[in-house]
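This is the structure I want to talk about, given as structure tokens.
The values are calculated or read from the model by the stated rules, or taken from the named source; none is laboratory data. As the structure is a prediction and not an experimental result, all values here were calculated from the model. Heads up, the Cβs are rebuilt from the backbone with ideal geometry, glycines too, and the neighbour counts pull from every protein chain shown. In case anyone asks, the SASA skips ligands and DNA or RNA and just uses the protein heavy atoms, side chains included. Shrake-Rupley method; radii C 1.70, N 1.55, O 1.52, S 1.80 Å.
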Amino acid sequence: MDKFRMIFQFLQSNQESFMNGICGIMALASTQIYSAFDFNCPCLPHYNLAYGLGILLVPPFILFLLGFVLNNNISMLAEEWRRPQGQRGKDPAVLRYMFCSMAQRAMIAPVVWVSVTLLDGKCITCAFCTSVPVEILGNASHPSLSQGDMKRVLARIPCKEIYDGQELIANEVAIRYLRCISQALGWCFVLLMTMLAFLVRSLRPCFTQAAFLKSRYWSHYIDIERKLFDETCTEHARSFAKVCIQQFFEGMSTDLVAAHCHLPRKAPEDAGEATEKLLGITDWDTMNMALKSWHRCKPPLHLHTPALPSGNGWAGEGQPPVHRSVPQREMAAYYSWV
């Protein structure tokens, strides 16, 4: 349990670790789904190809979309892409980095599915069983078989219980031939994906390291800013609700006082603290206007320290900085006469 707790804490440490964990779980889930999937080839000439390629390509597309759906940054990317220009410009490099980062993570589960499917070989065997070279592996001069009948017999190769073409080509020979081709394609696909990931990871910092760091930093900033804004809005809503409830009960207390009921007095500190957290926004329309203003014109990313007022105006205008005098140490020496 301690190991699982440590892994869970690591996944919750930041957004990237969390999404990497989600993609790893989806990759493991894809292998479990394939192992639990009951593969049944239709063994018909016109349906084998559609069924085999469908099992090979349709689930990876669904897993790819699920990778985007489970990614929390997809809504942030759409919001940043569709928001008005306002007081803050939109950097296309940051948007491209966010999209590429999500696409790379969403591709993990589909790549695992395609790799496992090709290495298993059932889909390729079902899809291309009618393309087995009978003249090389079997008896192409088998009598009383037309081209259509031969395709119908070859389409039953994945179904051993109904296959009746042992005189044409042995079932084990055809399955082994197609499975070898499928496994060769699977290992080539795994090698290609590994080399592509290696090139992206190793060569990208050699050419665009500065742009990569800039895009990564500002994408993290957008994520953190959104979280802090949500936390601030949640805290404001809690304080707003607390003040509204207190004012409601204070208004209702007048009827109870008229009925000669003695009410315990609430400490005014709680109401004062809640009012301070409202930051002056104490109206429905004002809060809606603040939310719309945040979406339409976000403040520019330029921090400045406000000037301090002084007796002659604002401090710091044309005046040299004043350094406080450091107190000097006083040392006392004691002499003794022996």
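Taking all pairs of distinct Cα atoms, average 1/r, flip it, and tell me the Kirkwood hydrodynamic radius of region 172-221 in Å to one decimal place.
Kirkwood hydrodynamic radius for region 172-221: 13.8 Å.
Let me ask something else about it. Consider a paramagnetic label point 7 Å from the Cα of residue 40 along Cα→Cβ; state which residues of region 46-87 have an amide N under 18 Å from it.
Hits in region 46-87 for residue 40 at 18 Å: 46-56.
Ordered by packing density, taken as the mean number of other Cβ atoms within 10 Å over each peptide's residues, highest first, how do 35-41, 116-122, 238-244 rank?
116-122, 238-244, 35-41
Just tell me which lysines come within less than 19 Å, Cα to Cα, of residue 277; anything on the same chain fewer than 8 places away is out.
Within the straight-line limit of under 19 Å, residue 277 reaches these lysines: 227, 242, 266.
FRET efficiency for residue 193 and residue 139, Cβ-Cβ distance as r, R0 = 41 Å, nearest 0.05?
0.55
How large, in percent, is the carbon and sulfur part of the accessible surface of region 1-210 at a probe radius of 1.4 Å?
Of all accessible area on region 1-210, carbon and sulfur atoms account for 68 percent.
With each label point set 7 Å from Cα along the Cα-Cβ vector, what nm distance links residue 61 and residue 91?
The modelled label-to-label distance comes out at 3.6 nm.
Stretch residue 203-residue 283 to full length: gain in nm at 0.36 nm per residue minus the Cα-Cα span?
23.4 nm
Classify region 115-259: rounded, prolate or oblate, from the alpha-carbon gyration tensor (a ≥ b ≥ c, eigenvalue square roots; a/c under 1.5 rounded; otherwise prolate if a/b is larger than b/c)?
Note, shape of region 115-259 comes out oblate.
Tell me, what are the semi-axes, in whole angstrom and largest first, of the equivalent ellipsoid of region 130-194 as set by the roots of 5 times the Cα gyration tensor eigenvalues?
After scaling each eigenvalue by five and taking roots: 28, 12, 10 Å.
Given R₀ = 35 Å, what would the calculated FRET efficiency be for residue 244 paired with residue 99, taking r from the Cβ atoms and rounding to 0.05?
Given R0 = 35 Å and the Cβ-Cβ separation, E is 0.25.
Once label points are set 7 Å from the Cα along Cα→Cβ at both residue 28 and residue 161, what is their separation, rounded to one decimal in nm?
Going from the residue 28 label point to the residue 161 one covers 3.5 nm.
Zone of residue 211 (label point 7 Å along Cα→Cβ, backbone N under 20 Å): which residues in region 66-97?
81, 89-97
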